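Written below as structure tokens is the structure these notes are about.
The values are calculated or read from the model by the stated rules, or taken from the named source; none is laboratory data. Quick caveat: nothing in here was measured; it's all calculated off a predicted structure. Here Cβ is always computed from backbone atoms with ideal geometry, including for glycine, and neighbour counts include all displayed protein chains.
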Amino acid sequence: MKVNSTRKWASLIPLVLLLAGLLLAACGKQVSGTVTVAGSTTVQPLAELLADEFTGQNPDVEVTVSGGGTSVGITSVSNGTVDIGAASRELKSDEPALVEHLLARDGIAVVVAPGNPVTGLSKVQVRDIFGGVIGNWKDVGGPDHAINVVVRESGSGTRTAFEEMVMAKPEPAVALASTALEQNSNGGVKQVVGGDSYAIGFISFGYIDGTVKALSIDGVAATADSARNGTYPIVRPLYFLTKAEPEGLVKEFIEFCLGEEGQAIVAEEGYISVD
Amino acid sequence: MRKRYLIDRGSRGVLLVCATVSVAVLLAIAVFIFKESLSAFGEIGLLDFLLGTKWDPNPVGDASPSYGILVMIVGTVLVTMGALIIAIPLGLGCAVLLADVAPHRFRQLLRPAVELLVGIPSVVYGLVGLVLIVPLIRQIGGPGLSLAAGIIVLAAMIMPTIVSISEDSIKAVPRAYREGALALGATRWQAIWRVVLPAARSGIAASIVLGMGRAVGEAMAMVMVVGMAKAMPNSPLDPARPMAPSIALETNYASGTHLSALFAIGVVLFLFIVILNSVAIVVFKRGARA
């Protein structure tokens, strides 16, 4: 009985060694742990895809991505609630100093319903329409009908970026029209604009699909190429933010996102990759 | 004997704890929203807050933020009144039909349907409104997302509440009242309108106040259909911006004074509901005495 049992154990030794070896090898390459990301809803879908790919390659890692908005991302990373904050605009001077990792660039498209005959506007016309100065499509080459302006809610990163790049340039800044409809997501704006032939709105490039038509601005079509080469005028940065220089797993994840594989996903999703 | 006594005392204690918890939760919520709103009230000033017509927490350029919620108060009052004007006659009619007029078979079919309607989540009402009602209103004029759309969706949401509670109170009117009226030569309609409905009025009033409470507090469905523009509405086809959906729309991104101002809207909403409930209690008491 005793002999038998010893033999049994002895036969397990190679298996144990093999497992230990595998484990050691794994430790060399693979990593484990949790990374938390929160912030901009523009970055969220992209961050989720990057997280999926990263966890696919490193099964012991868990990356949780949540939204909340740029401001939430900034506060939660600076108070340590999450490892990485996501921002879809430049940090303001009164916000805490954080380490910025440029993840991608994102164009903001001015969109109308597919049936709208207007195909392009000048940046000044866009500003006048969203500011309530131009109120009828016939003034910009469309049908004789009132323009239904759709914007994002106060505090949204997309709204702030649009205000800074379109409404505030050139000075003096024009406020968005108070009669504008407000939606609290890119998807909401897309749905309202897609269903109303006389509506106009703005959404992130990543959300453009067949339900809306992106207008060309100053004659430049809203494509990833025109945004990359600098001719499309409404482009903003998307950042991953960390409290200090990232270390360990967080560093691995950010490096993955900024690296070749991550940037391939960025480009695939309609955002503009960074070199 | 002793054991039974202990169980009796013990269960009393458990019930007391349950009651205390619900009161404590209410108190905690009240204290919390009041506390969070203090800095906004201090910074903005009560009158500027309540009577200001401009709401712009993050203005573009160098302009300073403005926090006036008059448009929101007007929005809440308009959608609530509008919804009640539609839902009260329809709901009462349906309740009378269910309680008094309809044949048994029909009632068995309709009653569960109404009860099911009470339980449908508001986001579903919003979605149906967005897909069905908003395009219809857009055909009449304006952007579709409008006061009118909000009123119709809210009316549909509160009608089931009005129907089911009114029906219960109409049914609770003693048979003798009805029979007495009919015996005196009243027609069926006269019996319902002059005798049964007045006798059931406290329950009917309660159903209306409950419906009103739901209308005032509804956020999700409203965000989807009412348009949320910051300008004062001039016609039912214009978008509006009631209080509850304004909180829902902006909390995600709010911080500092903006967030505190949203809590201050919550305080105003809280007071609205407290006043409504007090009215309901008074109505109840008067009904009970009569």
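Can you tell me which residues in the stretch B:48-63 are within 12 Å of chain A (Cβ to nearest Cβ) and assigned to a loop (DSSP other than H, G, I, E, B)?
Result: B:T53, B:K54, B:P57, B:N58, B:P59, B:V60, B:G61, B:D62, B:A63.
Per-residue answers, yes or no, for (1) under 20 Å from B:V267 (Cα atoms); (2) assigned to a loop (DSSP other than H, G, I, E, B):
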| residue | (1), (2) |
| --- | --- |
| B:S202 | no, no |
| B:L210 | yes, no |
| B:M222 | yes, no |
| B:M232 | no, yes |
| B:S235 | no, yes |
| B:D238 | no, yes |
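Could you please give the count of residues in the stretch B:1-25 that are modelled with pLDDT under 90 and under 30 Å from B:A264 (Cα atoms)?
0
Keeping to the stretch A:19-41, report how many residues are modelled with pLDDT under 85 and touching a Gly at 6+ places or on another chain (Cβ under 6 Å).
Residues flagged as modelled with pLDDT under 85 and touching a Gly at 6+ places or on another chain (Cβ under 6 Å) within the stretch A:19-41 amount to 1.
Based on what the data block shows, is A:F256 in contact with a Phe, Trp or Tyr (Cβ under 7 Å, 6 or more places away or on another chain), among the aromatic types (F, W, Y) and part of a strand (DSSP E or B)? Full working, then the answer.
Values: in contact with a Phe, Trp or Tyr (Cβ under 7 Å, 6 or more places away or on another chain): yes; among the aromatic types (F, W, Y): yes; part of a strand (DSSP E or B): no.
The answer is no for A:F256.
Cβ-Cβ under 9 Å, sequence separation 6+ or interchain: first residue in the stretch B:174-198 and under 21 Å from B:L92 (Cα atoms) and surrounded by 15 or more Cβ atoms within 10 Å (Cβ to Cβ), partner among the aromatic types (F, W, Y) and modelled with pLDDT of 90 or more. Which pairs?
As it stands, the answer is B:A191/B:Y177; B:V195/B:Y177; B:V196/B:Y177, since those pairs meet every condition given.
B:V96: crowded, with 20+ Cβ neighbours inside 10 Å, more than 14 Å from chain A (Cβ to nearest Cβ) and not acidic (D, E), yes or no?
Here the answer is yes, as B:V96 does meet what is asked.
Considering only residues that are touching a strand residue (DSSP E or B) at 6+ places or on another chain (Cβ under 6 Å) and either surrounded by fewer than 21 Cβ atoms within 10 Å (Cβ to Cβ) or in a helix (DSSP H, G or I) (or both), which ones fall in the stretch A:34-53?
Once the filter is applied, which keeps residues that are touching a strand residue (DSSP E or B) at 6+ places or on another chain (Cβ under 6 Å) and either surrounded by fewer than 21 Cβ atoms within 10 Å (Cβ to Cβ) or in a helix (DSSP H, G or I) (or both), the stretch A:34-53 yields A:T34, A:T36, A:Q44, A:A47, A:E48, A:A51.
Just to be sure I understand the filter: pairs with C-beta atoms under 8 Å, separated by 6 or more residues or on different chains, first member in the stretch A:171-186 and more than 7 Å from chain B (Cβ to nearest Cβ), second member in a loop (DSSP other than H, G, I, E, B) and among the hydroxyl-bearing types (S, T, Y). Which pairs pass?
Matching pairs, first to second residue: A:S185/A:T41; A:N186/A:T41; A:N186/A:T42.
For the stretch A:179-207, name all the residues that are at pLDDT 90 or above, part of a loop (DSSP other than H, G, I, E, B) and surrounded by fewer than 24 Cβ atoms within 10 Å (Cβ to Cβ).
Across the stretch A:179-207, the qualifying residues are A:T179, A:D196, A:S197, A:Y198.
Within the bounds of the stretch A:233-240, is there any residue that is modelled with pLDDT of 90 or more and within 14 Å of another protein chain (Cβ to nearest Cβ)?
Within the stretch A:233-240 (the criterion being modelled with pLDDT of 90 or more and within 14 Å of another protein chain (Cβ to nearest Cβ)), the answer is no, since none of the residues qualifies.
Which of the numbered conditions does B:S66 fail, given that it passes all the others? Conditions: (1) touching a strand residue (DSSP E or B) at 6+ places or on another chain (Cβ under 8 Å); (2) among the polar types (S, T, N, Q); (3) surrounded by fewer than 14 Cβ atoms within 10 Å (Cβ to Cβ).
(3)
Can B:M243 be described as of a type outside the set (G, A, S) and either away from every other protein chain (no Cβ under 14 Å) or under 20 Å from B:A40 (Cβ atoms) (or both)?
It is true that B:M243 is of a type outside the set (G, A, S) and either away from every other protein chain (no Cβ under 14 Å) or under 20 Å from B:A40 (Cβ atoms) (or both).
Considering each residue of the stretch B:65-79, count those that are assigned to a loop (DSSP other than H, G, I, E, B), within 12 Å of another protein chain (Cβ to nearest Cβ) and out of contact with any Pro (no Cβ under 6 Å at 6 or more places or on another chain), and give that number.
Residues in the stretch B:65-79 being assigned to a loop (DSSP other than H, G, I, E, B), within 12 Å of another protein chain (Cβ to nearest Cβ) and out of contact with any Pro (no Cβ under 6 Å at 6 or more places or on another chain): 1 in total.
For A:G270, work out the one condition from (1) within 17 Å of A:F54 (Cβ to Cβ); (2) at pLDDT below 90 it doesn't fulfil.
The single condition A:G270 does not satisfy is (1).
Please tell me if B:L145 is under 30 Å from B:D238 (Cα atoms) and within 12 Å of chain A (Cβ to nearest Cβ).
yes
Quick one: in the stretch B:116-132, of everything that is in contact (Cβ under 8 Å) with a residue 24 or more places away in the chain and within 12 Å of chain A (Cβ to nearest Cβ), which residue is nearest to the chain's Cα centre (by Cα)?
Only one residue fits best here, namely B:G126.
Yes or no: the stretch B:271-281 includes at least one residue that is crowded, with 22+ Cβ neighbours inside 10 Å and either more than 14 Å from chain A (Cβ to nearest Cβ) or at pLDDT 90 or above (or both).
So far as the stretch B:271-281 goes, no, none of its residues is crowded, with 22+ Cβ neighbours inside 10 Å and either more than 14 Å from chain A (Cβ to nearest Cβ) or at pLDDT 90 or above (or both).
With in a helix (DSSP H, G or I) and within 30 Å of A:A173 (Cα to Cα) as the only criterion, which of B:S11, B:S39 stands out? So that I can check it myself, show each step before the final result.
Values: B:S11 fails: within 30 Å of A:A173 (Cα to Cα).
Going through B:S11, B:S39 in turn, the sole match is B:S39.
Name the single residue that is surrounded by the most Cβ atoms within 10 Å (Cβ to Cβ) among those in the stretch A:157-170 being within 7 Å of chain B (Cβ to nearest Cβ) and at pLDDT 90 or above.
My answer is A:E163.
Taking the stretch B:249-261 as the region of interest, how many residues are more than 8 Å from chain A (Cβ to nearest Cβ) and either surrounded by fewer than 24 Cβ atoms within 10 Å (Cβ to Cβ) or assigned to a loop (DSSP other than H, G, I, E, B) (or both)?
Selection size over the stretch B:249-261: 5.
Residue-by-condition table, conditions (1) over 25 Å from A:T179 (Cα atoms); (2) loosely packed, with under 12 Cβ neighbours inside 10 Å; (3) without any contact (Cβ under 8 Å) to a residue 24 or more places away in the chain:
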position: B:R4; (1), (2), (3): yes, yes, yes
position: B:L26; (1), (2), (3): yes, yes, yes
position: B:I29; (1), (2), (3): yes, no, yes
position: B:F32; (1), (2), (3): yes, no, yes
position: B:E36; (1), (2), (3): yes, no, no
position: B:S39; (1), (2), (3): yes, no, no
position: B:E43; (1), (2), (3): yes, no, no
position: B:T53; (1), (2), (3): no, no, no
